[in-house]
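See structure below.
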Amino acid sequence: MVASQRSPRRILITGGAGFIGSNFVHHWCKQYPGDRVVVLDALTYAGNQASLADLEDLETFRFVQGDIGDRALIDTLLPEENIDTIAHFAAESHVDRSILGPDAFIQTNIVGTFTLLEAFRQHWLKRDKPGRDRFLHVSTDEVYGSLNADDPPFTETTPYAPNSPYSASKASSDHLARAYFHTYDLPTLITNCSNNYGPYHFPEKLIPLMCINILLGKPLPVYGDGQNIRDWLYVGDHCQALDVVIHQGLPGQTYNIGGNNEVKNIDLVYMLCDLMDELAPDLPIRPARELITFVKDRPGHDRRYAIDATKISTELGWNPQETVAGGLRRTIEWYLAHPDWWQPLLSEEYQKYYQQMYQGV
Ligand SMILES: NC(=O)c1ccc[n+]([C@@H]2O[C@H](COP(=O)([O-])OP(=O)(O)OC[C@H]3O[C@@H](n4cnc5c(N)ncnc54)[C@H](O)[C@@H]3O)[C@@H](O)[C@H]2O)c1
């Protein structure tokens with residue numbers, strides 16, 4: 001949306017110190033410099049204030065460290081900042097961690113989302129239900145379960161069939177966001193997107209993990225036979241889609257967001273290896289493909305996800321712009337240029353988690 005054609009918003013971005021959230025905060029501050037942008041983030045292991053460092057001096061920007069489950073905090077923050085829009089990213093987001101310990105996923109993803117919805121509803125009621133308010137709930141394609149090779153991609157009407165504690169908790173929060181529209185008319189919108197990649201991505205996730213391990217000359221753990229298929233969405237494309245949904249989406253609606261880029265995990269790792277060979281001058285081991293190591297599969301590992309993004313394309317005119325080859329190149333270039341961002345994240349706690357996951361690999 002062109003900034004000059006709209007009146008400013010006062011947006012609360014939860015989870016804005018995380019991967020997609022921080023990309024979205026950058027997107028919003030650049031697109032709409034007249035808007036008030038308040039980030040609420042608990043700074044869990046996945047949150048990193050350094051991802052927002054260049055915005056801290058903006059008068060329009062405020063960072064609040066806090067939990068979305070803290071009702072007293074939210075009840076103070078919403079009127080204090082006169083918030084009219086919430087973009088809700090805050091979540092426990094890693095499937096592997098949800099298998100190791102689901103409790104935090106239930107607490108943040110379900111109870112936290114409920115707390116935020118209810119607090120926003122009260123705030124909206126007190127302000128006489130402004131029609132322009134929006135609550136965007138950012139969710140995942142994993143709520144739809146797993147596809148076989150020949151199945152059609154997920155649409156907005158695909159039945160929910162979550163297979164991990166993570167996806168079950170996201171499914172539950174989607175239902176709450178939907179119910180708040182149908183029961184209370186709260187102007188909620190839900191988006192279900194495929195796997196994102198790009199800058200500011202925590203090292204535990206597939207693409208940054210592979211890039212960093214290649215730089216360090218460490219093995220590249222690939223689950224099972226590497227034949228799992230994911231649809232890869234460049235995070236900049238995703239942020240643009242969410243912008244369009246906030247401005248033009250119909251309250252109560254769900255929009256699937258995908259990259260039209262289905263790739264087998266092993267092929268993605270090959271692409272990353274080849275790009276790293278090309279772009280990184282001093283690799284300890286080259287060709288990087290030599291580092292690939294197959295490891296025991298994740299329990300309940302979904303075979304294939306694929307998104308049918310026809311609805312957002314036809315109704316709101318959004319289409320992804322980035323190819324996997326182009327997006328991976330941009331991502332690798334970013335990681336090569338920003339070791340100061342990712343090196344501190346390889347903490348002792350992260351190493352402990354890594355050992356637990358990949359057991360010596
Ligand atoms: N990354 C993906 O590929 C992907 C795909 C589909 C959907 N999603 C969804 O998008 C959203 C953002 O994902 P991401 O990859 O950026 O996640 P992330 O793990 O990188 O970031 C999550 C952020 O939320 C914060 N947070 C966690 N618990 C909190 C709490 N209780 N209160 C306040 N803040 C809290 C963390 O500190 C962190 O900054 C999530 O809701 C996730 O389910 C992500």
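Coordinate-derived values only; no laboratory data. None of the values given here were measured: they were computed from a predicted structure. Neighbour counts are summed over all protein chains in view; Cβ atoms, including those assigned to glycine, are modelled from backbone coordinates with ideal geometry.
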Starting from the Cα of residue 264, draw a straight line to each of the lysines and keep only those under 19 Å, dropping any in the same chain fewer than 8 residues away. 205, 296
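How about segment 127-164: which trypsin sites (Lys or Arg not before Pro) there lie in a loop by DSSP and see at most 11 other Cβ atoms within 10 Å?
Taking segment 127-164 and a limit of 11 other Cβ atoms within 10 Å, the loop trypsin sites (Lys or Arg not before Pro) found are 132.
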What lysines could a cross-link reach from residue 30, if we take a straight Cα to Cα line under 25 Å and drop same-chain neighbours fewer than 8 places away? none
A student applying the Cα gyration tensor rule (rounded when a/c is under 1.5; otherwise prolate if a/b is larger than b/c, oblate if not) would label segment 16-151 prolate
For segment 176-187, Karplus-derived ³J(HN,Hα) couplings (6.51, -1.76, 1.60; θ = phi - 60°; whole Hz; x for glycine and proline) come out as 5, 4, 5, 5, 5, 6, 5, 7, 10, 6, 4, x
Order of 271, 276 from fewest to most other C-beta atoms within 10 Å? 271, 276
Summed residue charge, Cβ within 14 Å of residue 150's Cβ, Lys/Arg positive, Asp/Glu negative: 0
Under a straight-distance cross-link criterion of Cα-Cα below 13 Å, which aspartates and glutamates are reachable from residue 218, leaving out those fewer than 8 residues away in the same chain? 290
From the Cα trace of the chain, what convex hull volume per residue do you get, rounded to a whole Å³? 130 Å³
